[in-house]
1. Being in a strand (DSSP E or B) and modelled with pLDDT under 85 is the requirement here; does residue 146 meet it?
2. Among the residues of the stretch 72-105, what is the count of those that are in contact (Cβ under 8 Å) with a residue 60 or more places away in the chain and out of contact with any strand residue (DSSP E or B) (no Cβ under 9 Å at 6 or more places or on another chain)?
3. Is it the case that some residue within the stretch 85-92 is within 28 Å of residue 165 (Cβ to Cβ), under 19 Å from the mean Cα position of the chain (by Cα) and in a strand (DSSP E or B)?
4. For the stretch 116-132, state whether one or more residues are touching a strand residue (DSSP E or B) at 6+ places or on another chain (Cβ under 6 Å), within 30 Å of residue 94 (Cα to Cα) and assigned to a loop (DSSP other than H, G, I, E, B).
5. Just a yes or no: is a residue in the stretch 64-77 part of a loop (DSSP other than H, G, I, E, B) and under 27 Å from residue 203 (Cβ atoms)?
6. Taking the stretch 147-177 only, how many residues are closer than 15 Å to residue 102 by Cα and surrounded by fewer than 16 Cβ atoms within 10 Å (Cβ to Cβ)?
7. Please go through (1) at pLDDT 90 or above; (2) closer than 17 Å to residue 98 by Cα; (3) more than 11 Å from the chain's Cα centre (by Cα) for residue 44 and return the number of the only condition it doesn't satisfy.
8. Let me spell it out: the conditions are (1) at pLDDT below 95; (2) buried (at least 16 other Cβ atoms within 10 Å of the Cβ); (3) under 21 Å from the mean Cα position of the chain (by Cα), and residue 180 meets all of them except one. Which number is the exception?
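The values are calculated or read from the model by the stated rules, or taken from the named source; none is laboratory data. For clarity, every value in this text was computed on a predicted model and none was experimentally measured. Here Cβ is always computed from backbone atoms with ideal geometry, including for glycine, and neighbour counts include all displayed protein chains.
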């Protein structure tokens, strides 16, 4: 599977070297095993004809949060109040699906042009987790944890939307999409079979964007 996806991505990259269209898009993704987060990206590729286009896409999902608590309050020499705050935990998740996509534009006589897109590729995910040391309920000290873990795996996506022509080289668009992909790491052969860790990034999202054409239509 990896070789087939890599071959497809290289093929579409070559097509993209002579790209005549590109998109900038942003919105959000709500995956199964992670919190809803911002997702933006770019595409570039070629329109085969008025109905069919091929492109490469790179999107970036980002989600982060931190926990903190106040541990002291006091006053400065200037009679201002201050609070000392301690960060107890922070997590950052960065997810990058790289895909090759086929888009079908429906031939309708309207200012709003509907389209459908399907794509496959490979996903990369980094999970950066920090947790400060703390004392557990039994009185033992749990040490600080600070580690970045890398996951990856097969990725696919479906989208449907509409575009509206702004000028002879630009369109705006909005779409509903589904991202599918289970990012994995730590494969291990055991006496009971192969095990691994997995984060399911499958979920629904919405995004809007601008499309540019380098050749007048």
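1. Values: in a strand (DSSP E or B): yes; modelled with pLDDT under 85: yes.
Yes: the conditions hold for residue 146.
2. 0
3. Quick first cut of the stretch 85-92, residues within 28 Å of residue 165 (Cβ to Cβ) only: none.
Looking for residues that are within 28 Å of residue 165 (Cβ to Cβ), under 19 Å from the mean Cα position of the chain (by Cα) and in a strand (DSSP E or B), one finds none in the stretch 85-92, hence no.
4. Here is the first cut: in the stretch 116-132, the ones touching a strand residue (DSSP E or B) at 6+ places or on another chain (Cβ under 6 Å) are 116-132.
Narrowing the set further to residues that are within 30 Å of residue 94 (Cα to Cα) leaves 116-132.
In the following step, the residues that additionally are assigned to a loop (DSSP other than H, G, I, E, B) were identified as 132.
For the stretch 116-132, residues touching a strand residue (DSSP E or B) at 6+ places or on another chain (Cβ under 6 Å), within 30 Å of residue 94 (Cα to Cα) and assigned to a loop (DSSP other than H, G, I, E, B): present.
5. We begin by selecting, within the stretch 64-77, every residue part of a loop (DSSP other than H, G, I, E, B); these are 76-77.
Now restrict to residues that are under 27 Å from residue 203 (Cβ atoms): none.
So far as the stretch 64-77 goes, no, none of its residues is part of a loop (DSSP other than H, G, I, E, B) and under 27 Å from residue 203 (Cβ atoms).
6. 2
7. Residue 44 satisfies every listed condition except (1).
8. The single condition residue 180 does not satisfy is (1).
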